[in-house]
Amino acid sequence: MSNFPPPQTELIEEFEELEDWEERYDFIIDLGRELPAMTDDQKVEENIVKGCMSQVWLETGKSESGEAMKIDADSDSIIVKGLIVLLLSFYRGKTPAQVATDDVEGFLGTLGLNQHLSPQRRNGLFAMVKRLRSEAAMLAG
């Protein structure tokens, strides 16, 4: 993809073009391969997301401009890395206040993930969303 993370509209269009869920899972895995790895210094206990079956690390802050929220995340699971990319796409360029309140569930529902993820993966995905919202609310003040 030309830019990372890909825009939401590009992801939605790609999901609509794919014929079945096997192809969509392959696409999510391909997205996961594009996720930049976090450094070992970032992969610390305080950055681990609780409630995920896989190991997931999440670190947030404000962007250099001070407006958008900066999100770094990584996982030891390639499919979870792909789910992280979907979240990064949704939250791309948003302020902490927007990250804390915007309807990511609607976006994920548009992609059909609510019906096609296992309960464990869905729980892990929403554990990441919950953590992002919590950290965004703190950053927003």
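The values are calculated or read from the model by the stated rules, or taken from the named source; none is laboratory data. Just so we're clear, the structure is a prediction, and the values are computed from it rather than from any experiment. Here Cβ is always computed from backbone atoms with ideal geometry, including for glycine, and neighbour counts include all displayed protein chains.
The residues of segment 126-141 that are over 10 Å from GLY51 (Cβ atoms) and part of a helix (DSSP H, G or I), listed by number, are VAL129, LEU132, ARG133, SER134, GLU135, ALA136, ALA137, MET138, LEU139, ALA140. Among the residues of segment 84-125, those that are within 17 Å of GLY32 (Cβ to Cβ) and part of a loop (DSSP other than H, G, I, E, B) comprise ARG92, LEU111, LEU117, SER118. Taking segment 21-74 as the range and being free of Cβ contacts under 8 Å to residues at least 12 places away in the same chain and outside any loop (DSSP other than H, G, I, E, B) as the test, the residues that pass are GLU22, GLU23, ASP26, GLU45, GLU46, ILE48, LYS70. Of all residues in segment 1-10 being more than 15 Å from ILE84 (Cα to Cα) and not acidic (Asp, Glu), which is modelled with the highest pLDDT? This residue is THR9. Condition check for GLY51 on (1) in contact with a strand residue (DSSP E or B) (Cβ under 6 Å, 6 or more places away or on another chain); (2) on the phi > 0 side of the Ramachandran plot: one failure, at (1). Under the condition of being among the hydrophobic types (A, V, I, L, M, F, W, C), closer than 17 Å to GLU10 by Cα and exposed (fewer than 15 other Cβ atoms within 10 Å of the Cβ), the residues counted in segment 27-44 number 1. The residue that is modelled with the lowest pLDDT, among those in segment 11-20 that are outside any helix (DSSP H, G or I) and loosely packed, with under 13 Cβ neighbours inside 10 Å, is GLU19. No other residue among GLY109, GLY124 is at pLDDT below 95 and within 12 Å of the chain's Cα centre (by Cα) apart from GLY124.
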